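The values are calculated or read from the model by the stated rules, or taken from the named source; none is laboratory data. Since the structure is predicted, the reported quantities are computational estimates derived from the model, not experimental observations. Note that each Cβ is placed from the backbone with ideal geometry, even for glycine, and that neighbours are counted across all protein chains shown. Quick note on the areas: whole protein, heavy atoms, side chains included, nothing else; ligands and nucleic acids left out. Shrake-Rupley method; radii C 1.70, N 1.55, O 1.52, S 1.80 Å.
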Amino acid sequence: MDADFQKIVDGIGAMACIVSVEKLDDGNVGKFRIVTGNKAYIETIEHPAPGTEMLTDKFTPNEEYTKYLTRDLNFEDFCYRAAVEKKCLHSYVHPDRLPVWFNMTFLPVEPNIKNLYHCIYIMEMNFQADSSRQSNISGRLAATVLETCIKLRGALDFKKTLNDVIGDIRRMCEAEHCCILTLDEYQKECKVVCESFSAETELLPMKSYLDENFYRIAKSWEATIAGSNCLIAKNEHDMEVVKERNPVWYESLKSAKAHTIVLFPLRFGMKLLGYIWAINFNPEKALEIKEVLEITTFILASELSNHSLLARLKTLSSKDMLTGIMNRNEMNNFVDALCTSSNERNESVGVIFADLNGLKTVNDNEGHVAGDRLIKDAANVLLEIFDEEQIFRAGGDEFSVIVRNMKKEEVAKKIEKIRETAKHYDKVIFALGGWVEEDSRNVRVALHKADELMYEDKQKFYAEHPERKMR
């Protein structure tokens, strides 16, 4: 019979092998073995391309496939469905363990021999992705992926759109819970980007688990996936593999009442951004879930990376790097927006100018490091009183506070509170001036008036303290 199998694979020009699947009397699955392969397939084991080496470089007929590569639940699932369920399957994937894309076909092969079932596994390896093969999915699944693309690309509110998308994915998976987590390697923490629950679930929100230990669990998922492109544990047999590879996470899943799990990494280029997962999904949809998420995660990772980049660029363009408050560029943008607003509600605007006294003395006597520390302390004083987006570093030691709907009587109270708060910081002494305009479109008038009052306050301070050097 092995000779017949050899004839089959030898008649195929692409890399091909015969896989046997053992089905036990109790209905469980036994061993998966590579019965034989054609010359092209055996060459991939005994004379592999650089970077594609397997666990051994010697092919032996009828050995378990795990002699050659780390156990892969997705490979086993496809072999089982082809050999036992007589399905013709195709997949195009990039496993993390190898720097290649696999174009794979699984076809059932007769006859069955006692409790052994067989399929032929045909593969093509490419070092570059072929987008035409990535998009080669059914019309119905393509529509699901396209809908995700359209939602993300047309998003005005990115976070809200992601919540809509994760809800769609959860419903497609028929899962109790779906979630996107990002990993911050610098802060050593995980963040929940979005999540969705079924109406009847008893599962808790992810924030219930995000303690200091959860980052270590999330970091362990890469090893649990074990070089495949995802983890799909659809029954207790598969969950035993999770238990074997990652007992701590397995116990965490069990305690959280998770019986099945889909886990896909979100990668952009070589960078791992995070993961998407589905808990307690419909195992009968495992193939559909895998096919959809293989493409959807590619899109999600790209959008997450772009959004993160834009957020960083906005931070660089709007935040002062020394103090973390808004910079002058953002102040100018805010002022322009107020000046051109329709202001139908006749909204007022209050401005307070705060300028450090004595910075030059600190710089001259203690150095610029001490001067920078003083500027940061000054910003912290204002942050104790105002929201971050209301405070701007207008210049070296000059700060402006712009507050919508501030009343005249509030200005004096806020100025007094600034003076009192500054007493808790070493050497922080402000020259202060404030003004309110009843029409926020006149914010530049308020800025000018507040600046004039601040300058008067500064002159008064140096008149009382001549030993301090003015700038």
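Brief remarks follow.
- The set of residues from the range 51-77 being open to solvent by less than 30 Å² (accessible area, probe 1.4 Å), out of contact with any Phe, Trp or Tyr (no Cβ under 6 Å at 6 or more places or on another chain), not aromatic (Phe, Trp, Tyr) and not in a loop (DSSP other than H, G, I, E, B) comprises 73, 74, 77.
- In the range 59-116, the residues that are modelled with pLDDT under 90, of a type in the set (Asp, Glu) and more than 20 Å from residue 265 (Cα to Cα): 110
- Sub-6 Å Cβ pairs linking a first residue in the range 259-285 that is over 13 Å from residue 299 (Cα atoms) and assigned to a strand (DSSP E or B) to a second residue that is open to solvent by 20 Å² or more (accessible area, probe 1.4 Å) and among the hydroxyl-bearing types (Ser, Thr, Tyr), at least 6 apart or interchain, are 274/182, ordered by first then second residue.
- Sole exception among (1) touching a helix residue (DSSP H, G or I) at 6+ places or on another chain (Cβ under 8 Å); (2) at pLDDT below 90; (3) over 30 Å from residue 399 (Cβ atoms) for residue 301, by number: (1)
- Number of residues in the range 1-50 that are more than 42 Å from the chain's Cα centre (by Cα) and in a helix (DSSP H, G or I) equals 10.
- Contacts under 7 angstrom Cβ, first residue in the range 47-69 being within 28 Å of residue 117 (Cβ to Cβ), partner of a type in the set (A, V, I, L, M) and surrounded by fewer than 13 Cβ atoms within 10 Å (Cβ to Cβ), 6 or more apart: 67/55; 68/55; 69/55
- When the strands (runs of 3 or more DSSP E) confined to the range 341-447 are screened for residues that are small (Gly, Ala, Ser), those reaching at least 3 such residues are found at 430-437.
- Scanning the range 184-203 for residues that are open to solvent by less than 40 Å² (accessible area, probe 1.4 Å) and under 26 Å from residue 150 (Cα atoms) turns up 193, 194, 196, 198.
- Scanning the range 456-471 for residues that are touching an Asp or Glu at 6+ places or on another chain (Cβ under 9 Å), closer than 22 Å to residue 385 by Cβ and either among the hydrophobic types (A, V, I, L, M, F, W, C) or in contact (Cβ under 8 Å) with a residue 40 or more places away in the chain (or both) turns up just one, 458.
- The helices (runs of 4 or more DSSP H) found entirely in the range 135-235 that carry 3 or more residues being at pLDDT below 90 and touching a strand residue (DSSP E or B) at 6+ places or on another chain (Cβ under 8 Å) are 158-173.
- You will find that of 80, 117, the residue that is under 23 Å from residue 283 (Cβ atoms), open to solvent by 40 Å² or more (accessible area, probe 1.4 Å) and not in a strand (DSSP E or B) is 80 and no other.
- Of the listed requirements (1) within 15 Å of the chain's Cα centre (by Cα); (2) surrounded by 17 or more Cβ atoms within 10 Å (Cβ to Cβ); (3) basic (Lys, Arg), residue 271 misses just one: (2).
- If you go through the range 10-64 and pick out every residue that is among the small types (Gly, Ala, Ser) and touching a helix residue (DSSP H, G or I) at 6+ places or on another chain (Cβ under 8 Å), you end up with 5.
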